[in-house]
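> The structure's right below; bear with me while I get my questions together.
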Amino acid sequence: MRSSVAVLIALQLCAATSDSFRVALPGYRYEFPRDHFNHPEFQTEWWYYTGNVHTADGRRFGFELTFFRQGVDRKSEPPSVWEVRDLWLAHFAVSDLDGGRFLHTERLNRSGPGVAGVDEGTARVWNGNWSVQWNLDSQLPSQRLNAIADRFAVELEMKTTKPPMIHGENGVSQKAEGPGRASHYISFTRLLTSGAIIIEGQRFKVEGESWMDHEFFTHQLAANQSGWDWFSLQLDDGSEIMLFELRRKDGTIDPFSAGTYVDPRGRSTHLSAKDFSLEPGKLWKSTDSGGRYPIEWRVRVPSLSLDAALSTRLAQQELTGKTRTAPTYWEGAIEVKATKKGQQVHGVGYLEMTGYAGPTPLSE
């Protein structure tokens, strides 16, 4: 799944037609490193980084750094450097899980003369002074993240431990009924991470694990879908799980909800909606938006004999948009306590929840 929050912002900022863009269809032939970078023939694309890191003495942090491209215009004549062919959005957040602080900010730019973009030639994704630099010298690429905001910053190195994972079936992650209501969805599910998190001038040396999602598409969700819950889980037995649940306006769960299990050797198994269950628990009410979010969950995957309890150390990880057009949603670091095939396992992850703080427009 991953966050369609960028789409929601962009759809409200521009009235772009999607007629000139390609849609995500079965049979797509993935090719790397090409598919790590830009796909301007699709209207929407994002590069999405989340992670759980800690200091040597055990202080814990979560982080989110996301880059979004939303196609606006595809005129045949060469554009001027300032013509808006794409909107480039980005979100940046740090969760000081033990310090009880949640810091977040966002930005919106046009491409301009190098202001924001993606370049395969230099293996770089950027929006102003927020950037990801890829190193493609080895079969498993590494990535360097840098982002600076007024009160916080990150400087992180990420080493790939597993090959890129393609979600869904036959090259697409289907989200609703009909051709093209899907995305091409790639993840790096376990990135060994080290570097620094800086909060209000205090520098913390950290290490841990991160997750990276990359999706590109033109259409995806349907008008009867009201929100979603998305989970990435990294377990200490070396396996990972991605799950997303699409909620309908009538209160039911959409059958296009799905997920992926990745075993310790990097082999994947597609999970359909009938293969898992998600049970919400304790609610947290935001004083900013009034939204009521389930910050505890029970996850069961019978085929894996997995029964997991998810919780967070920091209830306030809600991102409230600075502008009237930006949606409000919850995205934050979580912890996992589970049994899997009769054995105790633990882990970390990230949870994204939308549609709890009022209606969310999902489709054109």
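> Can you tell me how many residues in segment 106-115 are closer than 28 Å to residue 208 by Cβ and either crowded, with 23+ Cβ neighbours inside 10 Å or in contact (Cβ under 8 Å) with a residue 60 or more places away in the chain (or both)?
Total meeting the criteria: 1.
> Sticking with this structure for a sec: Could you tell me which numbered condition residue 165 fails, if it satisfies all but one of (1) under 30 Å from residue 86 (Cα atoms); (2) without any contact (Cβ under 8 Å) to a residue 40 or more places away in the chain?
(2)
> Sticking with this structure for a sec: Being over 18 Å from the mean Cα position of the chain (by Cα), buried (at least 18 other Cβ atoms within 10 Å of the Cβ), under 18 Å from residue 49 (Cα atoms) and not hydrophobic (A, V, I, L, M, F, W, C) is the requirement here; does residue 164 meet it?
When the stated conditions are applied, residue 164 does not pass them.
> Quick check, is residue 32 in a loop (DSSP other than H, G, I, E, B), of a type in the set (Phe, Trp, Tyr) and either in contact (Cβ under 8 Å) with a residue 40 or more places away in the chain or buried (at least 18 other Cβ atoms within 10 Å of the Cβ) (or both)? Reasoning before the result, please.
Details: in a loop (DSSP other than H, G, I, E, B): yes; of a type in the set (Phe, Trp, Tyr): yes; either in contact (Cβ under 8 Å) with a residue 40 or more places away in the chain or buried (at least 18 other Cβ atoms within 10 Å of the Cβ) (or both): yes.
Yes: the conditions hold for residue 32.
> Got at least one residue in segment 208-229 being in contact (Cβ under 8 Å) with a residue 12 or more places away in the chain and more than 27 Å from residue 69 (Cα to Cα)?
yes
> Okay, moving on. Restricting the first residue to segment 312-324 and requiring it to be more than 17 Å from residue 335 (Cα to Cα) and hydroxyl-bearing (Ser, Thr, Tyr), which pairs with a second residue that is at pLDDT 90 or above and surrounded by fewer than 17 Cβ atoms within 10 Å (Cβ to Cβ) meet a Cβ separation below 7 Å and a spacing of at least six or different chains?
From residues that are more than 17 Å from residue 335 (Cα to Cα) and hydroxyl-bearing (Ser, Thr, Tyr), the pairs are 320/288.
> Pairs needed: first member in segment 258-286, of a type in the set (A, V, I, L, M, F, W, C); second member anywhere, part of a strand (DSSP E or B) and loosely packed, with under 15 Cβ neighbours inside 10 Å; C-beta distance under 6 Å; at least 6 residues apart or different chains.
258/272; 283/292
> Yes or no: residue 314 of a type in the set (A, V, I, L, M), within 22 Å of the chain's Cα centre (by Cα) and not in a loop (DSSP other than H, G, I, E, B)?
When the stated conditions are applied, residue 314 does not pass them.
> Additional query: Condition first: surrounded by 15 or more Cβ atoms within 10 Å (Cβ to Cβ) and of a type in the set (D, E, K, R). Now tell me which residues in segment 121-161 satisfy that.
Hits for segment 121-161 are 124, 144, 155, 157, 159.
> Taking segment 83-132, which residues are modelled with pLDDT under 95, within 24 Å of residue 329 (Cβ to Cβ) and not in a strand (DSSP E or B)?
none
> While we're here: Take the conditions at pLDDT 95 or above, over 22 Å from residue 216 (Cα atoms), among the aliphatic types (A, V, I, L, M) and part of a loop (DSSP other than H, G, I, E, B) and apply them to residue 56. Does it pass?
yes
> Can you name the residue in segment 228-258 that is small (Gly, Ala, Ser), buried (at least 21 other Cβ atoms within 10 Å of the Cβ) and out of contact with any helix residue (DSSP H, G or I) (no Cβ under 7 Å at 6 or more places or on another chain) and, of all such residues, is farthest from residue 118 (Cα to Cα)?
Per the stated criteria, the residue is 239.
> I need the full set of residues from segment 287-296 which are in contact (Cβ under 8 Å) with a residue 40 or more places away in the chain and surrounded by fewer than 16 Cβ atoms within 10 Å (Cβ to Cβ), in order please.
288, 290, 292
> Does segment 338-364 hold any residues that are modelled with pLDDT under 95, of a type outside the set (A, V, I, L, M) and on the phi < 0 side of the Ramachandran plot, and which are they?
Selection gives 354, 356, 359, 360, 361, 363, 364.
> Sticking with this structure for a sec: Just name the residue that is surrounded by the most Cβ atoms within 10 Å (Cβ to Cβ) out of those in segment 316-337 that are farther than 18 Å from residue 228 by Cα and either modelled with pLDDT of 95 or more or touching a helix residue (DSSP H, G or I) at 6+ places or on another chain (Cβ under 7 Å) (or both).
The qualifying residue surrounded by the most Cβ atoms within 10 Å (Cβ to Cβ) is 336.
The values are calculated or read from the model by the stated rules, or taken from the named source; none is laboratory data. Every value quoted in this text rests on a predicted model; they were computed, and no experiment measured them. Note that we place each Cβ from the backbone using ideal geometry, even for glycine, and neighbour counts take in every protein chain shown.
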